[in-house]
Protein chains: 2
Amino acid sequence: MDDQLSRVFSALADPTRRDMVARLAVADAGVNELAEPYDVSVQAVSKHLKVLEEAGLVSRSRQAQRRPVHLEAEVFDLMTKWIERYRRQAEERYRRLDDVLAEMDTEKDPRTDTARGAS
Amino acid sequence: MDDQLSRVFSALADPTRRDMVARLAVADAGVNELAEPYDVSVQAVSKHLKVLEEAGLVSRSRQAQRRPVHLEAEVFDLMTKWIERYRRQAEERYRRLDDVLAEMDTEKDPRTDTARGAS
DNA sequence: GGTTTGCTCAACCGCAAGGTTGAACAAGGA
DNA sequence: TCCTTGTTCAACCTTGCGGTTGAGCAAACC
């Protein structure tokens, strides 16, 4: 868990943390406020927030005794870029495979080598 | 770690597994083949593949003794949908905040309440 | 039938993650 | 100054993860 991408994916692997992100997308919130709907201690929520913060998903300011939590949307780009890259690559490969299959279909020829189990 | 989204994020939180996905985006591969570049046992790689498979990121067929691993790109949609949803929501909120600030700026008026530290 | 190849299962180990409780700290309010 | 509110720190417990080794299994090869 060294690089940021690992931290972000790992942070979002937890349903409670994903739910927090979902709620923070609507409005900033304090720790107690965030903890309210969950059946865990405030300390546990504080830990979750630390994880989100270290992943860069969230930032915190100070407002009297409160530490409002704010969602940082930029990090999402890191993930989408990674995902899209390999998705595209995989789909491209799929497309090429389709081409090959289509070509094999058009050149229906007795010499066509079907013995290698390319299906 | 019950729902699929958790499984997918969790699976991709590991750098080795991400690298495997990256390589599988280029071409299908067997377990030994996949294990080759890493400094871990084949069994460890087999475990990683199980994680990827249970997340739906990968599927396996049978070809003689080999169990070729194939990347399944559809699951990526699950993630991007989740990410985009909240990213958009957060950005929308940001946009509205800008509107509010802009409005506060245009109505530069002695009665404007700047004492609440909205900056 | 026995061996090699490719892979998985089982048991174990060390460590980090997520939870708890109890104490501490920081900033307002009485 | 003392109390209350909001949050974090510290110590601890249990569970799960990533790694290991050793055995087992399935399919091809000799």
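The values are calculated or read from the model by the stated rules, or taken from the named source; none is laboratory data. For clarity, every value in this text was computed on a predicted model and none was experimentally measured. Virtual Cβ from ideal backbone geometry, glycine too; neighbours counted across all protein chains shown. Just the protein is used for accessible areas: all its heavy atoms, side chains included, with ligands, DNA and RNA removed. Shrake-Rupley method; radii C 1.70, N 1.55, O 1.52, S 1.80 Å.
On a full-extension model of 0.36 nm per residue, what is the gain between residue A:63 and residue A:22, subtracting their alpha-carbon distance, rounded to one decimal in nm?
Numbers: separation 41, 0.36 × 41 = 14.76 nm, distance 2.23 nm.
Result: 12.5 nm gained on full extension.
Quick one: 3J(HN,Hα) in Hz for region A:39-51, Karplus 6.51/-1.76/1.60 with θ = phi - 60°, rounded, Gly and Pro as x.
These are the phi-based 3J(HN,Hα) values: 8, 9, 5, 4, 4, 4, 5, 4, 5, 4, 5, 4, 4 Hz.
Let me cross-check residue B:59: its accessible surface, 1.4 Å probe, with only protein heavy atoms counted, in Å² to the nearest 10?
Here the accessible area works out near 40 Å².
If amide hydrogens are placed 1.01 Å from N in the peptide plane, which non-local residues have theirs closer than 5 Å to the one on residue A:69?
Answer set, sorted by chain and number: A:29, A:30.
Taking the Cβ of residue B:53 as the centre, find all other residues whose Cβ is under 12 Å away and add up their charges (Lys, Arg: +1; Asp, Glu: -1).
On the way: positive: B:7, B:17, B:47, B:50, B:60, B:67; negative: B:54, B:72.
Net charge in that neighbourhood comes out at +4.
Copy-to-copy spacing for residue B:78, label 7 Å out on the Cα-to-C-beta vector, in nm, shortest first?
Result, one decimal in nm: 2.3.
Would you check the accessible area of residue B:75, probe 1.4 Å, heavy atoms only, in square angstrom rounded to 10?
20 Å²
I'd like the mean, over residues of B:80-90, of how many other protein chain beta carbons sit within 10 Å of each residue's own Cβ. Show your work: numbers first, answer last.
Numbers: counts 6, 0, 6, 9, 2, 2, 10, 10, 3, 7, 10.
For this peptide, the per-residue mean of nearby foreign Cβ atoms is 6.
Between copies, how far apart are the residue B:43 label points? List them in nm, one decimal, shortest first, with each point 7 Å from Cα toward Cβ, please?
3.8
What list of ³J(HN,Hα) values in whole Hz, one per residue of region B:69-74 in order, does the Karplus curve 6.51 cos²θ - 1.76 cosθ + 1.60 (θ = phi - 60°) give from phi, with Gly and Pro shown as x?
Rounded to whole hertz, the list is 9, 10, 6, 9, 7, 4.
Copy-to-copy spacing for residue B:65, label 7 Å out on the Cα-to-C-beta vector, in nm, shortest first?
6.8
What total accessible surface area, summed over both chains, is buried at the interface between chains A and B, computed with a 1.4 Å probe and given in Å² to the nearest 100?
Values: alone 8910 and 8900 Å², together 14970 Å².
Approximately 2800 Å² gets buried when A meets B.
List, in the order given, every pair from A:50/B:81; B:50/B:81; A:50/B:47 whose Cα-Cα distance in the structure shown is over 27 Å.
Working: A:50/B:81 25 Å; B:50/B:81 24 Å; A:50/B:47 29 Å.
Where the Cα-Cα span goes over 27 Å, the pairs concerned are A:50/B:47.
Just flag the trypsin sites (Lys or Arg not before Pro) in region A:20-63 sitting in loop per DSSP whose Cβ has no more than 10 other Cβ atoms within 10 Å. The partial results should precede the final answer.
On the way: sites: A:23, A:47, A:50, A:60, A:62; in loops: A:62.
The qualifying sites are A:62.
Could you work out the local net charge near residue A:37, counting Lys and Arg as +1, Asp and Glu as -1, over the other residues with Cβ closer than 14 Å to its Cβ? If you can, show how the numbers build up before the last one.
Working: positive: A:17, A:18, A:23; negative: A:19, A:33, A:36, A:39.
Around residue A:37, the charge tally is -1.
Counting other Cβ atoms within 10 Å, which GluC sites (Glu not before Pro) in region A:1-93 have at most 13 and lie in a DSSP loop? Show your work: numbers first, answer last.
Details: sites: A:33, A:53, A:54, A:72, A:74, A:84, A:91, A:92; in loops: A:72, A:74.
Sparse-neighbourhood loop GluC sites (Glu not before Pro): A:74.
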